[in-house]
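The values are calculated or read from the model by the stated rules, or taken from the named source; none is laboratory data. A quick note: this is a predicted structure, and the numbers were derived from the prediction, not measured. Here the Cβ positions follow ideal geometry from the backbone for every residue, glycine too, while neighbour counts run over all protein chains shown. We work out accessible area using only protein heavy atoms, side chains counted, and drop any ligands, DNA or RNA first. Shrake-Rupley method; radii C 1.70, N 1.55, O 1.52, S 1.80 Å.
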Amino acid sequence: MVKIITDSTADLPETIATQYNIGVVPLYISFGNKMYKEGVDISKPEFYHKFREYESLSGGLPTTSQPSSKLSGTCESANRAKKELNKDITVIDSGMVSAGLGLIVLCAARAAKNGKNKEQIIEMIEEAKGKIKVYFTVENLKYLEKGGRIGKAQALVGNILHILPILSFKDGIIIPIEKVRGSKKVLPKYKELINREMANFVKFNPKENSILSPQIEVLLVHADCIEKANELEAMLRTSFNCKEAITTSLIGGVVGSHTGPGTWGIAFTWYY
Amino acid sequence: MSIYYCDGKRLKRGISASVSWLAQNRAAVDALNVFPIPDGDTGTNMVFTLQKVIDGLGTLPTNHLPLIASQIAESSLLGARGSSGVILSQILRGLAEGIGEQKRINSMDLALALRIAAQRAYSAVEKPAEGTILTLIKEIAEAGVIWAKKSKDITLLLSHILEIGEQTLLRTKDMLPELRCANVIDAGGKGFLLMIEGILKLIRGEKFTSTAPATLSKPNIERKKMEERYCLSFIIKGTTTVRKEIELYGKDIVIASMGDITKVHIHTDCTDKILEIAKRYGTVSEVKIEDMQEQHYEFIDKQIAVVVVAAGNGICEIFKRLGTDIVIEGGQTMNPSVEDIVSAIQGVAAEKVILLPNNSNIIPAATGAAKISTKKVHIVPTKTIPEGIAALTAIQPETTIEENMERMSEAIKNVKSGEITQAVRDSKVGESEIIKGNYIGISNHSIVGTSKTKLEMLLLLLKSIVADENSIISIFYNNLDEDVDKLSHNIRNKFNWVDVEFYYGGQPHYDYIVAVE
């Protein structure tokens, strides 16, 4: 049987990791000179408590060794580990973090549990990488800006007129895909984006003279803003045909250090 | 006007004037930036740095010159962005040191302070290059000292060093190979001269409206891979000896200290390593990392510039922060001329220009300007300020101009605008009698109603345009003394399903401009 191993930036709930026997390698977060192993020395809720305390006391932010500039730092470490161990290990660079990575891992682990072999799982992961879409929103762009993860001009725009960006990834870089004014417009925009995306995959089945609409699977993550996550979940449930239960998870400290609290978003994929 | 001394009050006013003039010309300074990294942000970085200075002065309840000067130095160091920001902070620090404990200074004191400023600036840079702001400050300081021996008039001193500075600036092109190749003058030096020019404008009582420079074309630079990808800056509290150890990991190092605070600016690939080292020396804060590679590509690829017509300092500031390259002063009852618009269009460093007139009376002049201009001008026929803001917000830098035009037209449809103004005389429009001094609400070019009070008129106007499906009301007020809390309370009571936001617009003619989305 194949075992799936990921790192703590996959932001999967512990219950899911246990259920699917997913190995999660913790990454490090440091507050000043103090280092913590994510999920081991510091729980996710503890992280946000500490984040706010540290920011208000020192004005500083926690630092993390990952995700690196190219988001693929863990892959390099994994490849080094692979060389040292004489085992059948395949390292795959997802090019994503948080919900995007989490959803790939979840799909792969489910396939492994269903007895799929290595080749089938690898093929499935490669397909999922192209299919999965990520949308997320941050309450305050200053955190992404401080880490150089979003252009200065974009960050500036976000800090006035209550403009909230809807962001995604392109080639491992964060890109804004939409901007809305006021938090009330965020959910309708998500709905519009998912609808637009899904419209590409609606198929007509001439044999049965019926329309085949894809179902979606969603991993929803949030950085200590459960109300936002709940509203988003309710919208997804009422507006879309969800194949699996929507998994909601807290964003961990490594990703949370870069986005700041008040970040929420989804990764989704689809099936017929 | 002759000026024989500078005290705290004058310094405050002078620095504000220099910031606002530099901010107006930010895009032009950005466009010159090719050294050390061609990423087009010198003007922006200098403005950001100085913005912190202005913020810091705002809360300082004194007119004591030494206190003000050292506050300026300190907040500029803490707020410094980019290498130009750190160098600028050291110039300001040198000035503060030159001022020392004097409550007022004369022209010679100022010239000598400039000399100290030059020394401070040089010592912050690891490998000082000639043909930059460093050369400029050195040469104007020397010229200033000679001049101040002959004349005690600070106004004359400033005009003289400005003139000398302009000459030096032209020579920077021959001093620095990077500038010669790109065929530009030094950006930081230009920024500094604009600051001096801003002070002179204040003294002479000249208007601060931007006269766009003659046709600005892009510097002659090519896309290139950065040797170091990130621009890292941070503050260490507790030490000043970090330079030796981090030198190995990057270049273009600029370090400045004040007391136990050290600001470090470095171009590097090893951000983590440097931060790790820095943490051993003291408490690290204000860590900023910028991806210069991406900024460089953005700068090179910048093809679309945005020019808008607007009035009111708050409104203009909002447009600038939304990404406008040039704001042409104008609006209701003060339409800019075709030439004004043409010169603004020619003055931006892009061949394609999006133009937002923001007033139906200005659309004809905008159309005329588009015909004359040698650039490709796309006019989005915005008729109001809210339409202009909505259009600008909809722009996505990653997409084509055609798609952006579509996005903007769509955005305009989704915003409703309203204005409130005061009647200047008795009149009759249709059925309604308008009495001089009463407030008039306007939406969609027609009068919604009139009222004796501003608040009642605002509520009436909102009632006529806010619908169930709307989610946000933005109100731009023109009076700094507006009681926003009270206003907000009144509006939220009646329109509890929408977010209500207030912004200082400072616009002439309208007491309120209202955007409903």
Worksheet item: Near the amide H of B:ALA305, under 5 Å away, which other amide H atoms are found, from residues 5 or more places off or on another chain, if H is placed in the peptide plane?
Response: B:LYS352, B:VAL353, B:ILE354
Worksheet item: Which longest uninterrupted range of chain B lacks any chymotrypsin sites (Phe, Trp or Tyr not before Pro) assigned by DSSP to a loop state (not H, G, I, E or B) and surrounded by at most 16 other Cβ atoms within 10 Å?
Response: B:209-496
Practice prompt. Mind checking the full-extension length gain between B:HIS445 and B:ARG223? Use 0.36 nm per residue of separation minus the Cα-Cα distance, one decimal, nm.
Written response: 75.1 nm
Worksheet item: What accessible area, summed over both chains, is buried at the A-B interface (1.4 Å probe, Å², nearest 100)?
Response: 3000 Å²
Worksheet item: For segment B:300-413, what's the relative contact order in percent, using C-alpha pairs closer than 8 Å and at least 6 residues apart?
Response: 24 percent
Fill in: For residues of A:180-186, the mean tally of beta carbons on other chains within 10 Å
6
Discussion item. Using the Cα centre of segment B:312-394 as the reference point, and only Cβ charges (+1 on K/R, -1 on D/E), how large is the resulting charge dipole? Debye, rounded to the nearest 20.
Written reply: 240 debye
Discussion item. Just the number please: accessible area per residue for segment B:6-204, 1.4 Å probe, all protein chains included, in Å².
Written reply: 37 Å²
Worksheet item: Of B:SER257, B:ALA411, B:ALA369, which is farthest along the charge dipole of chain B in the positive direction, counting Lys and Arg as +1 and Asp and Glu as -1 at C-beta?
Response: B:SER257
Worksheet item: Heavy-atom accessible area of B:ARG204 with all protein chains present, probe 1.4 Å, nearest 10 Å²?
Response: 120 Å²
Worksheet item: Roughly how many debye, to the nearest 20, is the charge dipole of the protein assembly as shown about its Cα centre, given +1 on each Lys and Arg Cβ, -1 on each Asp and Glu Cβ, and no other charges?
Response: 460 debye
Discussion item. Give me the percent of accessible area attributable to carbon and sulfur for segment B:442-517, probe 1.4 angstrom.
Written reply: 46 percent
Worksheet item: Under the definition of Cα pairs under 8 Å and six or more residues apart, what whole-number percent is the relative contact order of segment B:230-292?
Response: 51 percent
Worksheet item: Where a Cα-Cα gap under 15 Å defines reach, which aspartates and glutamates qualify for B:LYS371, not counting those fewer than 8 residues away within the same chain?
Response: B:GLU339, B:ASP340, B:GLU351
Worksheet, complete the sentence: For chain A, the accessible surface attributable to carbon and sulfur atoms (probe 1.4 angstrom, ligands and nucleic acids excluded) amounts in percent to 52 percent
Worksheet item: Cα centroids of segment A:16-58 and segment A:199-272: how far apart, whole angstrom?
Response: 25 Å
Fill in: Listed pairs B:LYS12/B:LYS237; B:LYS9/B:LYS152; A:LYS3/A:LYS131; B:LYS190/B:LYS237; A:LYS228/B:LYS320 exceeding 26 Å between Cα atoms
B:LYS12/B:LYS237; B:LYS190/B:LYS237; A:LYS228/B:LYS320
Fill in: segment B:388-473: trypsin sites (Lys or Arg not before Pro) falling in loop per DSSP and having at most 12 other Cβ within 10 Å
B:ARG425, B:LYS436, B:LYS452
Worksheet item: How many partner chain Cβ atoms sit within 10 Å of a residue's Cβ in peptide B:318-328, on average, as a whole number?
Response: 2
Fill in: Per-residue SASA entry for A:ASP11, accessible area with 1.4 Å probe, Å² rounded to 10
0 Å²
Response to the item:
Note on chain B: contact order normalised by length, alpha-carbon pairs under 8 Å, 6 or more apart, percent, works out to 11 percent
Worksheet, complete the sentence: Distance in nm between B:LYS237 and B:SER123 label points, each 7 Å along Cα→Cβ, equals 2.5 nm
Fill in: Karplus 3J(HN,Hα) series, Hz, for segment A:266-272 with 6.51 cos²θ - 1.76 cosθ + 1.60 (x for Gly, Pro)
9, 10, 9, 9, 9, 9, 8
Worksheet item: When we measure straight from the Cα of B:LYS149, which aspartates and glutamates land under 15 angstrom away, once same-chain ones fewer than 8 places off are left out?
Response: B:ASP109
Item to complete: Please find the FRET efficiency linking B:ARG321 to B:PHE208, where r is the Cβ-Cβ separation and R0 is fixed at 22 Å, and quote it to the nearest 0.05.
Response: 0.75
Response to the item:
Length gained, B:ASP485-B:GLU97, 0.36 nm per residue minus C-alpha separation, equals 135.4 nm
Worksheet item: Of A:SER249, A:SER210, A:SER239, which has the largest mean-square fluctuation in a 10 Å C-alpha GNM of chain A?
Response: A:SER210
Response to the item:
In the protein assembly as shown, taking the dipole from +1 charges on Lys and Arg beta carbons and -1 charges on Asp and Glu beta carbons about the Cα centre, the listed residue (A:TYR190, A:HIS258, B:LEU392) farthest towards the positive end is A:HIS258
Response to the item:
Residues of segment B:376-400 that bury at least 50 Å² of accessible area, probe 1.4 Å, when all protein chains are present rather than the chain alone, are B:THR393, B:GLN396, B:GLU398
Practice prompt. Compute the signed sum of charges (Lys and Arg +1, Asp and Glu -1) over the other residues within less than 10 Å, Cβ to Cβ, of B:ILE420.
Written response: -1
Worksheet item: Under 5 Å between amide H atoms, partner at least 5 residues away or on a different chain: which partners does A:THR263 have, H built in plane at 1.01 Å?
Response: A:GLU139, A:ALA223
Response to the item:
Summing -39500 (n - 2.57) over every DSSP H run of at least 4 residues in chain B and dividing by its residue count gives a helix-only mean residue ellipticity at 222 nm, to the nearest 500 deg cm²/dmol, of -15500 deg cm²/dmol
Fill in: Solvent-accessible area of B:LEU170 with every protein chain in place, 1.4 Å probe, in Å² to the nearest 10
120 Å²
Worksheet item: So what's the back-of-envelope 222 nm ellipticity for chain A, counting only DSSP H runs of four-plus at -39500 (n - 2.57) apiece and dividing by all residues, rounded to 500?
Response: -12000 deg cm²/dmol
Worksheet item: Using modelled backbone amide H atoms (1.01 Å from N, in-plane), which distant-in-sequence or interchain residues come within less than 5 Å of B:VAL448's amide H?
Response: B:GLY441, B:ILE442, B:SER443
Discussion item. If you fit an axis through the alpha-carbon atoms of helix B:133-150 and take the longest principal axis of the Cα set of chain B, what angle between them do you get, 0 to 90°, nearest 10?
Written reply: 80 degrees
Item to complete: Have a look at segment B:439-474 and report residues whose accessible surface goes down by 40 Å² or more when the remaining protein chains are included, against the chain on its own, probe 1.4 Å, ligands and DNA/RNA excluded.
Response: B:SER471, B:ILE472
Discussion item. Give me the inter-chain shielding for B:287-297: mean count of other chain Cβ atoms within 10 Å, whole number please.
Written reply: 4
Worksheet item: Roughly how tilted is helix B:65-79, in degrees to the nearest 10 and between 0 and 90, from the longest Cα axis of chain B?
Response: 80 degrees
Discussion item. Can you tell me which lysines have their Cα less than 26 Å from the Cα of A:LYS207? Leave out same-chain residues fewer than eight positions away.
Written reply: A:LYS243
Practice prompt. Calculate what fraction, in whole %, of the accessible area of segment B:1-64 sits on carbon and sulfur atoms when a 1.4 Å probe is rolled over the protein chains.
Written response: 55 percent
